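First the structure, in the form of structure tokens, and then the observations on it.
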Amino acid sequence: MSAAFDFAPLPWVAAVFGLFVGSFLCVAVHRYPIPDQTLSKPRRSLCPECGHVLSWWENIPVISWLLLRRRCRECRVVISARYPLMELFTAAAWGVTAAVTPPTEPLLLGLNLLVISGLLTAAFVDLDCFEIPDSVSIGGMVIAPIAAFAAPALHQGTWLAQWISGGLDVSRGASLVAGLAGMAVGGGILLLVGQLGSRAFGQDAMGPGDVKLLAAAGGFLGPGGVLVALLLASLTGSIVGVFNLLGSFCLVRSRDRSRGRVRGAGRAWRTARVAGKYIPFGPHLALGVALVLLFWEPHLRTWYLGP
């Protein structure tokens, strides 16, 4: 029996587990901004509207949402579609991670799944609260050096680790150095961008959560990889920002017309710039980091450095 056949079901198994992890992340994201609530308090999942304690069959990812016809069994309030979508998105992310990680590296697979789950948590919370949890960013900064030392394969494609190892298999020490260098580069460059932006615009240009998140990511990607992740995040953030500004401009003009207000395009554009400038950067960082983590070898490496 071939190795390919042995591990063929792995992405599907990972996707199924990802559904349940996604359900757990939904709870984490929902409870994060609520005072006196944590992952373990309350111990059971509740309807946020009426406090109904969910039974086991009401907690099955995606399926329960469909069986309940999108409504709480007790108060009949509509359950947002964001919850099954987050579960499906997490399942897809876990499946892809298992598919692209070498099956001969189970420790690397576990680390990749852990990082992907943390990135999803950071992105979802940032979209909701414009904040990245310290448990993800600082937790990642603590785990990254340990992971780099325990799993040298994590930095097998990092040029610094390869250079220290003399072109041979990356050693634990070289992997650790690459991870620490990546943390310094990731956190340092965003900290510098934030300082320059604050001086240029007179306001905070980069949140501390973004700085800590990219520093943690650098520990898993190395100095070169974290720069590529920042480049990808900046590209996607710029594209979303342009569409967000255009959408805000069209909304302002539409409201002016509906209210019979006469306002020039210049004033409408200035209003749209104020209304549309607040975009969380965490989801874009998470996307960039995930792409580099999973696809640096060989696709992004060839694109970034050339054949």
Item to complete: Within region 4-61, work out how many residues are touching a residue at least 12 places away in the same chain (Cβ under 8 Å), within 21 Å of Asp128 (Cα to Cα) and among the β-branched types (Val, Ile, Thr).
Response: 3
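Among the residues of region 109-130, is there at least one that is outside any helix (DSSP H, G or I) and either at pLDDT 90 or above or in the same structural domain as Val226 (by TED's automatic domain parsing) (or both)?
Taking region 109-130 first, the residues outside any helix (DSSP H, G or I) are 130.
This time we only want the ones that are either at pLDDT 90 or above or in the same structural domain as Val226 (by TED's automatic domain parsing) (or both), so: 130.
Looking through region 109-130, at least one residue is outside any helix (DSSP H, G or I) and either at pLDDT 90 or above or in the same structural domain as Val226 (by TED's automatic domain parsing) (or both).
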Item to complete: State which residue is farthest from Lys212 (Cα to Cα) when the search covers only region 149-187 and only residues that are hydroxyl-bearing (Ser, Thr, Tyr) and assigned to a loop (DSSP other than H, G, I, E, B).
Response: Ser165
Discussion item. Can you tell me how many residues within region 273-307 are at pLDDT 90 or above and on the phi > 0 side of the Ramachandran plot?
Written reply: 0
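Quick check on my filter: what residues within region 96-129 are among the polar types (S, T, N, Q) and surrounded by 15 or more Cβ atoms within 10 Å (Cβ to Cβ)? Walk me through it before giving the result.
Taking region 96-129 first, the residues among the polar types (S, T, N, Q) are 97, 101, 104, 112, 117, 121.
Once the filter is applied, which keeps residues that are among the polar types (S, T, N, Q) and surrounded by 15 or more Cβ atoms within 10 Å (Cβ to Cβ), region 96-129 yields Thr97, Thr101, Asn112, Ser117, Thr121.
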Worksheet item: Identify, please: which residue in region 41-67 is assigned to a loop (DSSP other than H, G, I, E, B) and within 23 Å of Ala15 (Cα to Cα) and is, among those, modelled with the lowest pLDDT?
Response: Ser45
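The values are calculated or read from the model by the stated rules, or taken from the named source; none is laboratory data. These figures come from a predicted structure and were not determined experimentally. Reconstructed Cβ throughout: ideal geometry from the backbone, glycine too, with neighbour counts over all protein chains shown.
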